[in-house]
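Colleague: Just passing along the structure, written as structure tokens.
The values are calculated or read from the model by the stated rules, or taken from the named source; none is laboratory data. If you're wondering where the values come from, they're calculated on a predicted model, not measured in any experiment. Cβ coordinates were reconstructed from backbone atoms using ideal geometry, including for glycine residues, and neighbour counts include every protein chain displayed. When the accessible area is computed, the model is the full protein with side chains, heavy atoms only, and any ligands, DNA or RNA have been set aside. Shrake-Rupley method; radii C 1.70, N 1.55, O 1.52, S 1.80 Å.
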Amino acid sequence: MVELWEAIADNFPELASGYWLTVRTVTISFVIALVIGTAVALLRIAPTRVLRAIGTVYVEVFRGLPLLVLLIMAFSGLRRAGVPITATVAGPATLGLYTAAYVAEILRSGFFAVGKGQREASLSLGLDGGQTMRHVVLPQAFRTVIPPLASLTVAMIKNSAIIGGSLLATQDLLKEARIEVGASGNATPLFFWAAVGYLTLTVGATVIARRLETRYAVRR
Amino acid sequence: MTYLFSPDNWEWLITGNNARFILEGFAINLEIAAIGMVFSLLFALPLALMGISKKRPVRVAARLWVDFWRNLPLLLVILYLAIVMPTSLREAYESLVPGFFPEALQSGRVLAGLTALVLYNSAVIAEIMRAGILSLDRGQGEAAAALGLSYTQQMRYVVLPQGLRRMVPATVSQLITLNKDTTLVSIIAIQEVLSKGASVYGFNFFGGVQAPILHVLIFIGLLFLIVNYALSRLSRRLELPGEEGAARVSGIEDQVAPVRAA
């Protein structure tokens with residue numbers, strides 16, 4: 001017990017800065033994932049075959065590749081190719097693009113869950129296709145998929161640890177804990193606090209999502 | 001584009017036995033995934049059944065266990081176990097591994113990686129199973145009870161056969177995730193595909209031929225895409241024809257997410 005408190009007291013600034021970086025990374029990735037994911041979902045249900053194919057390829061490629069492979073490609077791979085990308089950009093961008101493929105799949109299932117009558121009613125009220133999508137279908141689709149989006153967010157928070165674990169010079173929570181373990185040689189207390197840090201984020205996200213769900217969920 | 005497709009940058013693939021070297025590494029990933037899946041399934045069923053137990057302490061304990069492992073980053077668990085796994089256990093593993101296993105799997109470090117993968121995946125699959133069982137109409141269990149079947153018999157003959165069939169697509173999706181997660185053990189220096197890839201591009205001029213990182217990773221990525229695409233098609237094919245209004249169990253990344261069909 002004493003060991004645990006000592007570990008947090010001795011390493012608080014490092015762990016806190018790692019935690020903060022993890023929070024920032026996750027936030028940026030989340031925004032990227034939502035924006036790109038919505039765009040890809042719209043591609044997937046587009047009326048043109050070519051657009052649908054582009055959406056499908058995006059989803060299959062980003063879901064089929066391990067995140068670690070994507071991260072090394074995006075950082076070391078591009079740098080070796082002469083692209084001056086930094087770890088600060090490559091990490092969150094890769095995590096966001098990876099997660100976007102899942103967002104797209106979830107949203108697509110949400111589109112199908114919105115009844116056909118909704119679309120027809122909107123069109124017969126004189127709204128055009130874009131307006132129907134923007135004001136009628138999308139809001140309902142988002143509300144239907146709050147629970148799976150929440151699960152995905154939890155997965156994304158956990159996946160953010162892979163950024164620090166790969167070659168990227170990112171000092172996130174897990175990386176900071178590992179650095180301090182290397183310095184002190186005592187693994188358990190530091191990994192304990194890192195685990196607590198991640199649990200606050202994952203469990204926190206779950207709780208927030210449950211609240212959003214009771215507030216906005218579409219009941220059928 | 002010229003950088004990507006220039007034949008000079010792909011020459012490493014046909015030089016020496018680079019391609020074979022990487023393929024051998026990929027086989028290690030598939031083997032770790034297969035072993036991990038078998039053990040995860042074995043541990044997941046009791047966890048799932050405990051999670052729906054009528055006894056509250058059992059249920060709470062199972063849920064806490066499952067939620068704990070599901071909510072931690074897998075990499076954290078892998079790294080922690082790699083540090084604290086006692087030498088005696090590693091040695092026990094090394095002496096127990098069948099001789100026909102590839103060399104990379106003989107190392108005691110694999111035990112830490114496998115344990116972490118199984119702890120995490122069995123929790124996720126237990127949750128998939130629980131959702132599958134709960135998605136069954138309550139009437140099924142009640143009818144079985146009314147017919148005079150005991151709890152065990154209800155589970156064995158009525159609930160599990162139907163509930164577990166519903167979880168098949170989600171489990172196959174989870175296998176995709178597990179497959180991808182096997183690359184994480186490269187971080188604890190197990191000689192799988194990414195470690196092998198790194199030694200190919202690490203020798204900048206392997207036999208006078210340059211192996212750019214991007215190209216090596218594209219080759220490795222293609223291997224994953226082929227296997228995972230096949231698995232994803234399989235998962236889609238296994239989906240039961242949609243029952244109107246029924247909650248469908250689908251694997252999203254590594255979490256269970258019931259999406260209600262309209």
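Colleague: Take each complete run of DSSP H in chain A, measure how far its Cα atoms stretch along the helix's own axis, and keep only those covering 24 Å or more with mean Kyte-Doolittle hydropathy at least 0.5; list them.
Modeller: Helix filter hits for chain A: A:2-44, A:87-113, A:146-165, A:187-216.
Colleague: Okay, moving on. Show me A:181-190, B:123-132 ranked by packing, highest mean number of other Cβ atoms within 10 Å first.
Modeller: In descending order of packing, they fall as B:123-132, A:181-190.
Colleague: Within a 10 angstrom radius of each residue's Cβ in A:194-205, how many Cβ atoms of other chains show up on average? Whole number is fine.
Modeller: 3
Colleague: Another question, then. Using a 1.4 angstrom probe, figure out how much accessible area the range B:2-261 has per residue, in square angstrom, rounded to the nearest whole.
Modeller: 47
Colleague: Could I have the simple spin-label model distance between A:Thr56 and B:Ser88, label points 7 Å from Cα toward Cβ, reported in nm to one decimal?
Modeller: Using points 7 Å along Cα→Cβ, the separation is 5.7 nm.
Colleague: How large is the charge dipole for the range A:2-216, taken about the Cα centre, if only the Cβ atoms of Lys, Arg (+1) and Asp, Glu (-1) carry charge, to the nearest 20 debye?
Modeller: 1020
Colleague: Give me the percent of the accessible area of the protein assembly as shown that comes from carbon and sulfur atoms, probe 1.4 Å, all protein chains in place.
Modeller: Percent of accessible area from carbon and sulfur atoms in the protein assembly as shown: 65.
Colleague: Placing unit charges on C-beta atoms (Lys and Arg positive, Asp and Glu negative, everything else neutral), compute the dipole magnitude of the protein assembly as shown about its Cα centre in debye, rounded to 20.
Modeller: 1780
Colleague: Under unit Cβ charges (Lys, Arg +1; Asp, Glu -1), what dipole magnitude, rounded to 20 debye, does chain B have relative to its Cα centre?
Modeller: Here chain B has a charge dipole of around 1020 debye.
Colleague: Starting from the 7 Å offset along Cα-to-Cβ, what nm value, one decimal, do you get for the label separation of B:Ser6 and B:Arg56?
Modeller: 7.0
Colleague: What is the interface area between chains A and B, defined as buried accessible area summed over both chains with a 1.4 Å probe, reported in Å² to the nearest 100?
Modeller: Heavy-atom accessible area buried at this interface is about 3800 Å².
Colleague: OK, next. Could you order peptides A:52-59, A:142-149 by the average number of other Cβ atoms within 10 Å of their residues, highest first?
Modeller: Descending packing order for the listed peptides: A:142-149, A:52-59.
Colleague: For B:Arg237, A:Arg108, write out the residues from largest to smallest accessible area, computed with a 1.4 angstrom probe and no ligands counted.
Modeller: B:Arg237, A:Arg108
Colleague: What's the average, rounded to a whole number, of partner chain beta-carbon atoms within 10 Å of each residue's beta-carbon in B:61-73?
Modeller: 4
Colleague: Let me ask you something else. Among B:2-15, A:65-78, A:200-213, how do they line up by average Cβ neighbours within 10 Å per residue, starting with the highest?
Modeller: Highest mean packing first, the order is A:65-78, A:200-213, B:2-15.
Colleague: Still on this model: Using the Cα centre of the protein assembly as shown as origin and beta-carbon charges of +1 (Lys, Arg) and -1 (Asp, Glu), tell me which of A:Ala41, B:Ile22, A:Gly82 is placed farthest towards the positive end of the dipole.
Modeller: Result: A:Ala41, furthest along the dipole toward the positive end.
Colleague: Cross-link partners among lysines for B:Lys196, C-alpha distance below 30 Å, same-chain residues fewer than 8 apart left out?
Modeller: The qualifying lysines are A:Lys158, A:Lys175, B:Lys180.
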